[in-house]
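Here the structure comes first, spelled out in structure tokens, and everything after it is commentary.
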Amino acid sequence: MALEQKLQLKIQQQLVMTPQLQQAIKLLQLNHLELSELVSQEMVENPVLEEEAESRTDQMTELQRAEQKSATPEDPNGEGNREQTDIDWERYLDGYSSGPSAGPGVRRTNDELPGYEQTLTRGTTLTEHLMWQLQMAPTLDDVREAAGAVIGNLDNDGYLKASMEDIAQAESIELDLVGAGLEIVQSLDPIGVGARSLGECLLLQASVSCPDDRVLIGILQDHMSLVEKKDFRGVARVMKVSHQRVIDAMKKIALLEPKPGRPFTSEEPRYITPDIYVIKSGEEYLVQLNEDGVPKLRVSDYYRRVLSGADKSEKEYIQDKLRSAQWLIRSIFQRQRTIFKVTESIVKQQRGFFDEGIARLRPMILRDVAEDIEMHESTVSRVTTNKYVHTPHGIFPLKFFFNSGIQREDGADVASEMVKQRIKKLVGSEDLRKPLSDAAIVKLLSEENIKIARRTVAKYRDMLGIGSSSQRRRHY
């Protein structure tokens, strides 16, 4: 068989994650306090950035004009990603700053701010976090039900202690479906939940963060017993690699989370600073971004003057810092504009909630907002992560407005969150000497034209932290 070498030209398109695009994506996921800390840190590290003393009314126009001249951070193929060796900063950055962003910012007096008790919230539990993702997952109903059973058997650290056979028997589910449900759970955030051992938990995380590190993957798959004994030379000998490679792999393992459910175990109340305010004005609702505590950035006039008389090395340094400042300012503007557009869409599609409260919350998924504002679902998901909105009915996480639907007997859909609140209200008004069983709750909801299974009532009750009827009964 003859061997020969050939040269071939191949054209293909691929998305390149430039540092600027990575920065823009990172900013999208930050909440108000995290953004404030990041901006303050950037001002320390980049001497070109300075805080603007007073806002100017023409900043929005300048930002929009600048945006038309170059691609946004979401466009990796645009001109914004081209290397620029000599930029006319005098013309381009004149008057260019980070605020105000897409929509009116809000500067409130102490009298207008929400009361302290309104900003306290119970932390999301691991079960709630996983069940929300499960409701959005594109899978079959029987697999989703099996995944819900798996989630119900996770401990506080996110581990599955019960065997799949026990789950299948207890929930009357086929064993194959439990296996499929476990795969769904192990694909959810945080990565590592649903693991049955420490090795499997770390392997799930490493398969995502370091899929090409064969030494790391091999250690987690086959040699955890040696790792527990800290016999790293034995691992190197068995795997036929250098001791240093094993050490490097162990450093990566040390960065993984052995208890993925850890962030969800605290029940301490947290002080919430809303990222957005939705204020009723007459018959309309105004969306205002909370910009308190976030410095408004601009490029220092001093360094722009120094640039013209600097030597080559100084000019390269200043231009690098100016380019970094440009991308930060533009990324902040893009973040604020995206949050504003997403919240406007939520207000439009959940008008019933803002008018009357949770009883009028309608089913909605990420795709509904993504199609409305012509953005990708992943962008909407990042924008709504870990952010809160202050409404006339209290402070809610943005993800609260995304929930699956339950069909009424008349064919109309009702939001699952509304059903949860209805169950909570029914339990809250029950006779504690004769508490409502799950079957009784199903019957009461059926009288309201809400078609729901007893198993679903039990699941929602567990998510609300409500015990069974026997646990709620008072005997005196």
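Looking only at region 262-289, which residues are at pLDDT 85 or above and under 18 Å from the mean Cα position of the chain (by Cα)? Answer for region 262-289, where residues must be at pLDDT 85 or above and under 18 Å from the mean Cα position of the chain (by Cα): P274, D275, I276. The one condition from (1) at pLDDT below 85; (2) more than 26 Å from H376 (Cβ to Cβ); (3) surrounded by fewer than 17 Cβ atoms within 10 Å (Cβ to Cβ) that V48 does not meet is (3). If the condition is being within 15 Å of Q205 (Cβ to Cβ), outside any helix (DSSP H, G or I) and without any contact (Cβ under 8 Å) to a residue 24 or more places away in the chain, then region 225-258 contributes only L255. So, D248, is that one in the same structural domain as P211 (by TED's automatic domain parsing), surrounded by fewer than 16 Cβ atoms within 10 Å (Cβ to Cβ) and at negative phi or not? Spelling it out, D248 is indeed in the same structural domain as P211 (by TED's automatic domain parsing), surrounded by fewer than 16 Cβ atoms within 10 Å (Cβ to Cβ) and at negative phi.
Do you know which residues across region 372-401 are over 20 Å from L286 (Cβ atoms) and hydroxyl-bearing (S, T, Y)? Correct list: S378, T379, S381, T385. For region 305-317, a tally of residues being over 24 Å from Q23 (Cα atoms) and either within 39 Å of the chain's Cα centre (by Cα) or not in a helix (DSSP H, G or I) (or both) returns 3.
A310 meets each of the listed conditions (1) modelled with pLDDT under 85; (2) buried (at least 21 other Cβ atoms within 10 Å of the Cβ) apart from (2).
Exactly one residue out of V294, V278, V299 is closer than 30 Å to D355 by Cβ, touching a helix residue (DSSP H, G or I) at 6+ places or on another chain (Cβ under 9 Å) and surrounded by 14 or more Cβ atoms within 10 Å (Cβ to Cβ), and it is V278. Can we say G158 is small (G, A, S), in contact (Cβ under 8 Å) with a residue 24 or more places away in the chain and closer than 19 Å to K259 by Cβ? Yes; evaluated as a whole, the condition is true for this residue.
This table checks each residue for (1) surrounded by 13 or more Cβ atoms within 10 Å (Cβ to Cβ); (2) out of contact with any Asp or Glu (no Cβ under 7 Å at 6 or more places or on another chain); (3) at pLDDT 85 or above.
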| position | (1), (2), (3) |
| --- | --- |
| P138 | no, yes, no |
| L182 | yes, yes, yes |
| D189 | no, yes, no |
| L204 | yes, yes, yes |
| S207 | yes, yes, yes |
| C210 | yes, yes, no |
| V215 | yes, yes, yes |
| K229 | no, yes, no |
| F232 | yes, yes, no |
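The set of residues in region 447-476 that are more than 26 Å from L126 (Cα to Cα), within 35 Å of the chain's Cα centre (by Cα) and not in a loop (DSSP other than H, G, I, E, B) contains only I450. When each of E430, E356 is tested for being acidic (D, E) and not assigned by TED's automatic domain parsing to the domain that holds E284, the lone residue that passes is E430.
The values are calculated or read from the model by the stated rules, or taken from the named source; none is laboratory data. Keep in mind that what you see is a predicted model, and the values were worked out from it rather than measured. When we count neighbours, we look across all protein chains shown, and the Cβ atoms used for this are built from the backbone with ideal geometry, even at glycine.
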